[in-house]
C-alpha cells in the first residue's frame, strides 16, 4: 500500500493526478506539466517532497564516520549550516545513493536521501556505523517543501517564522538555518533559486495554503523531472545506480581525492577506474525530429556505442535533450536510434539551463 504525505488531501483539492513514486502517492501534475515547468522557470512553484528521507546523525565520532561513508569530504564544511552534495558508494565504487549532507555542529549532521532508496540507504548507513557508535534517527515527523523559481525567495520571505526571516534571506546557496524543528536550506533540484523547507507535519498544511495565497503555484513530479534534466541534475536509478560509479555518471566533481590518506568506501575502486579508459557522461541535444528517452542506443562513429540515461522534451529550449553514457573520445556529434531510425544529436556541456538562462548554443538546432 502506497504511503501518503501530510499534504495528500491538499493535492486532491488542487486537482492533482497522483502516481506511485518510490512507494508514495505523489502528484505528477496539477493539469499541465508544461505550464508548471514554465511557472518555475519564470516565477515560483512549490513541490511537496515529503517522500524524501531526512536522517539526523549525532555523536562524537560523526566526522570520522562521514569521512569514511561519503565520497565527498565533509571537512569542506567549515561553517554551521553549510551543505555538501555527495555520493554514498559501495566497495566497487557503485553509487548506493546521492544525497545532501548539512553541517549543524561538530557532533551533529543532517542528511537528505532519496525515497526509492530508503531501505537500502538506512541499512547501509547502520552497517557502516558498527565501529563509530553514531546515533542515527530518521525524522519521520517532518514534511519537506521545495519552493523554487526566480521569485521564490521573495514570495516566501514574509511567510517564514519571524526569528528566521533575516537569516534565511541572507543564506548563500547550499547553506541552511534553523530554529527548533523548522529547517530552511537554500538548495533545490530545478536549477532555479529557492528554498527547501523541513517542518513538522502538523504545520505543513497551513504553510502550503499561505504559499498558494502568495501566488506560488503547486508543481508536480513531471515538471520536477524536466526541470532537473534541463539543469543537468542526475536522477538516481536512471542516470546512476550501484553498477555505475561517479566517474561514469558525470559526478567526478563530487569525489574528494584529497587528502590522500582519507580512506572512504569505494576509493580504491575509483582509483583503479581513474587510470582506465572508462565511459563518460554527456549532454545531448537532438538535431532531428524526435524525443530522447532512457535506454535508447547511441552510436559514436569510430568509438563504439553508448546509451541515453535520461531524456525528454525541453520546454525552455523547445528541443529534445538528454543525458548519455558514451565511450571516451573526442567527438561532437552522435546518432541515436529512435524507432529503428538513426537521428543526429549534438554533444553539449551540461547544464542546458541554469537560473533561467539557456547554457547551450541554440544555433545548433
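Residues are listed down the side, and each one gets a yes or a no for (1) touching a helix residue (DSSP H, G or I) at 6+ places or on another chain (Cβ under 7 Å); (2) assigned to a strand (DSSP E or B); (3) under 30 Å from residue 126 (Cβ atoms):
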site	(1), (2), (3)
28	yes, yes, no
37	yes, no, no
56	no, yes, yes
60	no, no, yes
65	yes, no, yes
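Quickly run through the range 140-159 and pick out the residues that are more than 23 Å from residue 227 (Cβ to Cβ) and either surrounded by fewer than 18 Cβ atoms within 10 Å (Cβ to Cβ) or at pLDDT below 95 (or both).
Within the range 140-159, 140, 141, 158 qualify.
In the range 206-227, what residues are touching a strand residue (DSSP E or B) at 6+ places or on another chain (Cβ under 9 Å) and either without any contact (Cβ under 8 Å) to a residue 40 or more places away in the chain or in a helix (DSSP H, G or I) (or both)?
Result: 207, 208, 211, 212, 221, 222, 223, 224, 225, 226, 227.
Among the residues of the range 124-141, are any on the phi > 0 side of the Ramachandran plot and either touching a helix residue (DSSP H, G or I) at 6+ places or on another chain (Cβ under 7 Å) or outside the structural domain of residue 200 (by TED's automatic domain parsing) (or both)?
Within the range 124-141 (the criterion being on the phi > 0 side of the Ramachandran plot and either touching a helix residue (DSSP H, G or I) at 6+ places or on another chain (Cβ under 7 Å) or outside the structural domain of residue 200 (by TED's automatic domain parsing) (or both)), the answer is yes, since at least one residue qualifies.
Exactly one condition in (1) out of contact with any helix residue (DSSP H, G or I) (no Cβ under 7 Å at 6 or more places or on another chain); (2) surrounded by 19 or more Cβ atoms within 10 Å (Cβ to Cβ); (3) outside any strand (DSSP E or B) is false for residue 270; which is it?
(1)
Any residue at all in the range 74-92 that is part of a loop (DSSP other than H, G, I, E, B) and within 26 Å of residue 217 (Cα to Cα)?
Checked against the condition, which is being part of a loop (DSSP other than H, G, I, E, B) and within 26 Å of residue 217 (Cα to Cα), the range 74-92 yields no hits at all.
If residue 216 satisfies every condition in (1) buried (at least 22 other Cβ atoms within 10 Å of the Cβ); (2) outside the structural domain of residue 14 (by TED's automatic domain parsing); (3) in contact with a helix residue (DSSP H, G or I) (Cβ under 6 Å, 6 or more places away or on another chain) but one, which is the exception?
With respect to (1) buried (at least 22 other Cβ atoms within 10 Å of the Cβ); (2) outside the structural domain of residue 14 (by TED's automatic domain parsing); (3) in contact with a helix residue (DSSP H, G or I) (Cβ under 6 Å, 6 or more places away or on another chain), residue 216 is out only on (2).
Can you name the condition, by its number, that residue 346 falls short on among (1) surrounded by fewer than 20 Cβ atoms within 10 Å (Cβ to Cβ); (2) in a strand (DSSP E or B); (3) without any contact (Cβ under 8 Å) to a residue 60 or more places away in the chain; (4) over 23 Å from the mean Cα position of the chain (by Cα)?
Of the numbered conditions (1) surrounded by fewer than 20 Cβ atoms within 10 Å (Cβ to Cβ); (2) in a strand (DSSP E or B); (3) without any contact (Cβ under 8 Å) to a residue 60 or more places away in the chain; (4) over 23 Å from the mean Cα position of the chain (by Cα), the odd one out for residue 346 is (3).
When you scan the range 184-198, do you find a residue that is assigned to a strand (DSSP E or B), over 18 Å from residue 155 (Cβ atoms) and either in contact with a strand residue (DSSP E or B) (Cβ under 6 Å, 6 or more places away or on another chain) or not assigned by TED's automatic domain parsing to the domain that holds residue 18 (or both), even just one?
Yes, there is a match, as at least one residue in the range 184-198 is assigned to a strand (DSSP E or B), over 18 Å from residue 155 (Cβ atoms) and either in contact with a strand residue (DSSP E or B) (Cβ under 6 Å, 6 or more places away or on another chain) or not assigned by TED's automatic domain parsing to the domain that holds residue 18 (or both).
What single numbered condition from (1) without any contact (Cβ under 8 Å) to a residue 24 or more places away in the chain; (2) not assigned by TED's automatic domain parsing to the domain that holds residue 156 fails to hold for residue 315?
(1)
How many residues, within the range 22-76, are surrounded by fewer than 16 Cβ atoms within 10 Å (Cβ to Cβ) and either at positive phi or within 18 Å of the chain's Cα centre (by Cα) (or both)?
Total meeting the criteria: 2.
If you check residue 329 against the conditions, is it free of Cβ contacts under 8 Å to residues at least 60 places away in the same chain, in a loop (DSSP other than H, G, I, E, B) and closer than 24 Å to residue 38 by Cβ?
Answer is no for this residue.
Which residue, of 261, 301, is farther than 25 Å from residue 125 by Cβ and without any contact (Cβ under 8 Å) to a residue 40 or more places away in the chain?
301
The values are calculated or read from the model by the stated rules, or taken from the named source; none is laboratory data. Model, not experiment: these values are computed from the prediction. Quick reminder, even Gly has a Cβ in these numbers, built from the backbone with ideal geometry, and neighbours come from all protein chains shown.
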